[in-house]
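A short worksheet on the structure shown next.
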Amino acid sequence: MKISVSGIRGVYGSDLSLQNISRFVRLFASSITKSGQDCILACDTRPSSRLIFQFVAANLMGQGINVYNLGVAPTPMVFRESRNNKAGVVITASHNPLHWNGLKFIIYGRGLFEEELGFLLDETPLPTPDKFGTSSAITSNYVDEVASLVSDECARNKVKVGVDLGGGAACGYCNVLLKRLGHSFYSINDIQGISSRSPDPTAEELNELRSLVSSNNLDFGFAFDLDGDRLVVIDNKGQKLSADSTLLLCIARAISMGMKKFVSSVDTSISIKRYIQQNGCSLYYSKVGEANVVKTMLDTGSDAGGEGSSAGFVMPRFNMCRDGFLASAIIASLSKSTVDECLAISSQYLQVRSVLPVNSSVHIKLIDRLTDVLKAESSEISNMDGVKAIVDDDTWILVRPSNTEDVLRISVESKTEKSRSLFNDIREKVQSEYEKVK
């Protein structure tokens, strides 16, 4: 089980037990009771989500919290609704395999920051509430609010779209958004709980969606993960775009909307930095993790940004989370010339990402050793998140512990095919140092 700014995730029925879930939810309820907040509750479409949903609702009400039930709903919808002095809980493991599940906690319209995670480990006895909470079903205007942001541009720029909803929480909502925007579309895997692919579109070839786009001469293909916060884009040639390219498209639209200050995680492509600087805008870096990006945005007063590794676009004035619906609406509103410009820039860089299973107990020690190893071949070292080595203006290496799994994430980027050989070299070094400390 992992506890991080990405929430709590584990294998349901194993390390993520009902006993653990009860403890975490009651601790969260105790923390929000002090600020007088009620709680919005939603879930994705995993086999275990409905049961956990009922269990979480009962635990919240048992702690005196009033529950506002959205049922199966995208994570960004819960974040948006929770901005009005409400907390939120989403039962989801996002893009993790189906036998996983988890809890994503929301306060004041945002996720928990690292320094706020301590209460989830609190062992002190919980107080007995003097009342029970209530439960009521609610609906949301979230889809209309997304549409209103780009409706003017979409009125001038109608496109044809294919969507792969993965049987997830985007089902029943994405089609409404596309209709509101006036786009024509085809959809697959659009029945909740039924899908021909895995929960993680970033790890899939998405051949069915690519074929749908190519055979129907569509402008874009959009694939969502199970809770609707991640978006993968297929271009009009049926090619799957990198996560960084997807984020770059969103940032290009943000710049055209007058935004000037941006934040991206340290694993984001150099192409995004180049584009932002070429347009006279500023860029700040954060640790990886949606909540870390949001915190840096709030600290710097930034307008937008996100994580390159997940294509997680964040526009805090609208939603303080990664928002696949917002990203899809923004990208669909782009002119062809802007899309071509962004893809031309991003194609100059090759990024290779992978993971190496490493026991969490040695992460810190291993990162310390790797810092010393990489210093010899780098012009700059950053330990903001794991260890990032700047080799030259067009090349970097990043090794960092995952927020969601017992692995180290290894990322390498360069302007040439040098990326692959560099990646193989650093992976061997990580494996070698791991053998010395495990």
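Bear in mind that the values in this text are calculations on the coordinates, not laboratory data. This one's a predicted model, so the numbers in the text were calculated from it and none came from an experiment. FYI the Cβ positions are ideal-geometry reconstructions off the backbone, even for glycines, and counts take in every protein chain you see.
In table form, for the structure just shown:
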| quantity | calculated |
| --- | --- |
| Cα gyration tensor category, rounded, prolate or oblate, for region 2-137 with a/c compared to 1.5 | rounded |
| Cα centroid separation, region 107-151 to region 209-265 (Å) | 28 Å |
| Helix-only CD estimate at 222 nm, as mean residue ellipticity for the chain, using -39500 (n - 2.57) per DSSP H run (n ≥ 4) | -11000 deg cm²/dmol |
| Which of Cys39, Val25, Gly111, positive extreme of dipole for region 1-112 (C-beta unit charges) | Gly111 |
| Overall form of the chain per C-alpha gyration tensor (a/c, 1.5; a/b vs b/c) | oblate |
| FRET efficiency, Ser335 to Ser382 (Cβ-Cβ, R0 35 Å, nearest 0.05) | 0.45 |
| Computed magnitude of the charge dipole of region 350-437 (debye, nearest 20; Cβ of K, R +1, Cβ of D, E -1) | 160 debye |
| Among Val176, Val90, Val67: highest mean-square fluctuation, GNM of the chain, C-alpha pairs under 10 Å | Val176 |
| Count, lysine Cα pairs under 22 Å in region 350-437, 8 or more residues apart or across chains | 15 |
| Point-charge dipole on Cβ atoms (K/R +1, D/E -1) for region 132-211, about Cα centre, debye to 20 | 280 debye |
| Within a Gaussian network of the chain (alpha carbon springs, distance under 10 Å), most fluctuating of Ile330, Ile106, Ile188 | Ile188 |
| Taking Val72, Val352, Val314, Val213 and counting other C-beta atoms within 10 Å, the order from fewest to most | Val352, Val72, Val213, Val314 |
| Between region 371-438 and region 30-49, the alpha-carbon center distance in angstrom | 37 Å |
| About the Cα centre, charge dipole magnitude for the chain (Lys/Arg +1, Asp/Glu -1 at Cβ), debye | 480 debye |
| Counted charge near Gly167, where neighbours are those whose Cβ lies closer than 15 Å (Asp, Glu -1; Lys, Arg +1) | -4 |
| Qualifying aspartates and glutamates (Cα of each under 12 Å from Cα of Lys336; at least 8 residues distant if same chain) | Asp219, Asp235 |
| Cβ-based exposure ranking for Arg317, Arg369, Arg253, in which fewest neighbours within 10 Å come first | Arg317, Arg369, Arg253 |
| Amide hydrogen neighbours beyond the local backbone of Thr268, cut-off 5 Å, H modeled | Gly308 |
| Distant-in-sequence amide H partners of Lys160 (H built 1.01 Å from N, under 5 Å) | Asp219, Phe220 |
| Neighbour cut-off at most 14 other Cβ (10 Å), DSSP loop, GluC sites (Glu not before Pro), region 93-123 | Glu123 |
| Whole-Hz couplings from phi, Karplus 6.51/-1.76/1.60, listed for region 263-272; x for Gly and Pro | 10, 9, 6, 5, 9, 8, 4, 4, 4, 5 |
| Unit charges at the beta carbon, dipole of region 350-437: most positive-side option, Ile390, Leu370, Asn359 | Asn359 |
| Phi-based couplings in Hz for region 84-90 (Karplus 6.51, -1.76, 1.60; Gly and Pro marked x) | 8, 6, 10, 8, x, 9, 10 |
| Residue-by-residue Karplus 3J(HN,Hα) for region 307-315, coefficients 6.51, -1.76, 1.60, Hz, glycine and proline x | 9, x, 5, 10, 6, x, 7, 10, 10 |
| Potential extension, Val407-Lys131 segment - 0.36 nm per residue separation minus Cα distance | 95.1 nm |
| Net charge over other residues, Cβ less than 9 angstrom from the Cβ of Gly102 (K, R count +1; D, E count -1) | +3 |
| Amide hydrogen neighbours beyond the local backbone of Ile40, cut-off 5 Å, H modeled | Tyr68, Ala87, Gly88, Val89 |
